[in-house]
1. Looking only at the range 6-38, count how many residues are more than 17 Å from the chain's Cα centre (by Cα), surrounded by 12 or more Cβ atoms within 10 Å (Cβ to Cβ) and more than 16 Å from L52 (Cα to Cα).
2. Report yes if K44 is surrounded by fewer than 17 Cβ atoms within 10 Å (Cβ to Cβ), under 15 Å from I130 (Cβ atoms), out of contact with any helix residue (DSSP H, G or I) (no Cβ under 7 Å at 6 or more places or on another chain) and free of Cβ contacts under 8 Å to residues at least 40 places away in the same chain, otherwise no.
3. Which residues, taken from the range 47-64, are surrounded by fewer than 18 Cβ atoms within 10 Å (Cβ to Cβ), of a type outside the set (V, I, T) and either at pLDDT 90 or above or within 13 Å of D119 (Cα to Cα) (or both)?
4. Report yes if some residue within the range 86-94 is under 27 Å from R4 (Cβ atoms), among the charged types (D, E, K, R) and either out of contact with any Phe, Trp or Tyr (no Cβ under 9 Å at 6 or more places or on another chain) or surrounded by 15 or more Cβ atoms within 10 Å (Cβ to Cβ) (or both); otherwise report no.
5. Please determine whether any residue of the range 65-75 is open to solvent by 80 Å² or more (accessible area, probe 1.4 Å) and more than 15 Å from the chain's Cα centre (by Cα).
6. If you go through the range 60-105 one residue at a time, how many are assigned to a loop (DSSP other than H, G, I, E, B) and within 30 Å of L10 (Cα to Cα)?
7. Can you list residue pairs whose Cβ atoms sit under 6 Å apart, with the first residue in the range 58-84 being without any contact (Cβ under 8 Å) to a residue 60 or more places away in the chain and among the hydroxyl-bearing types (S, T, Y) and the second being open to solvent by 30 Å² or more (accessible area, probe 1.4 Å) and in a helix (DSSP H, G or I)? Count only pairs 6 or more apart in sequence or on different chains.
8. Which condition does I80 not pass, out of (1) open to solvent by 90 Å² or more (accessible area, probe 1.4 Å); (2) of a type in the set (A, V, I, L, M); (3) touching a Gly at 6+ places or on another chain (Cβ under 6 Å), if it passes all the others?
Amino acid sequence: MNRRVLLAALLLLSLSGMLLHYRIHSFMVPDRDMPSVTRFDGTKFLSFLFPLIDVVVVTGLFLSRKTATYAYLLNGLIVIYGTVLMTHYSMAEIVARSIPPSEWVLKSTLPDIAINWADFFVGKALYDEIMHAPHPEPLARESAGAGG
């Protein structure tokens, strides 16, 4: 598969996840005393940090063969943390609001977790593509061999 297509898919998935996360946990919230004024909520910004790292850092690290391993590792860590945190959030909400079992799938974060794992699997395919593609010999070896 084309590396650029996988990179674009990874970027779009992580960007979509980040925007979805921002819509659910917006860190710019209306002030209680003056609703027309928005204020920064640092605790909600922390929940926005993982998707932001996914979009910027993971995508950036996948641009080079030398850093693709770090991108794959970081992408996996983000997916694991995201899965655990979103599952915990869902379970707490289901218990707190006494949501009936028939509504658990749609009222949980299961669809969001699925997007998270899709991001991981695209990253895995991109990592495999980068690492298994034949890499050219360094130019220094070709120059040294040609001269003598």
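1. 3
2. no
3. Within the range 47-64, L49, L52, G60, L63, S64 meet the criteria.
4. No, because not a single residue in the range 86-94 is under 27 Å from R4 (Cβ atoms), among the charged types (D, E, K, R) and either out of contact with any Phe, Trp or Tyr (no Cβ under 9 Å at 6 or more places or on another chain) or surrounded by 15 or more Cβ atoms within 10 Å (Cβ to Cβ) (or both).
5. As a first pass, look at the range 65-75 and keep what is open to solvent by 80 Å² or more (accessible area, probe 1.4 Å): 65-66, 70, 73.
If we keep only those that are more than 15 Å from the chain's Cα centre (by Cα) as well, we get 65-66.
Taking every residue of the range 65-75 in turn, at least one turns out to be open to solvent by 80 Å² or more (accessible area, probe 1.4 Å) and more than 15 Å from the chain's Cα centre (by Cα).
6. Step one: filter the range 60-105 for residues assigned to a loop (DSSP other than H, G, I, E, B), giving 62-67, 97-100.
Subsequent filtering for residues that are within 30 Å of L10 (Cα to Cα) retains 62-67.
Qualifying residue count, the range 60-105: 6.
7. Filtered contacts from the range 58-84: T59/L11; T67/L61; Y70/L61; Y72/Y127.
8. The one condition I80 does not meet is (3).
The values are calculated or read from the model by the stated rules, or taken from the named source; none is laboratory data. Remember, predicted model here, so these are calculated numbers, not experimental data. Counting neighbours? That spans all protein chains shown, and the Cβs are built from the backbone with ideal geometry, glycine included. Side chains are part of the model used for accessible areas, which takes the heavy atoms of the whole protein and leaves out ligands, DNA and RNA. Shrake-Rupley method; radii C 1.70, N 1.55, O 1.52, S 1.80 Å.
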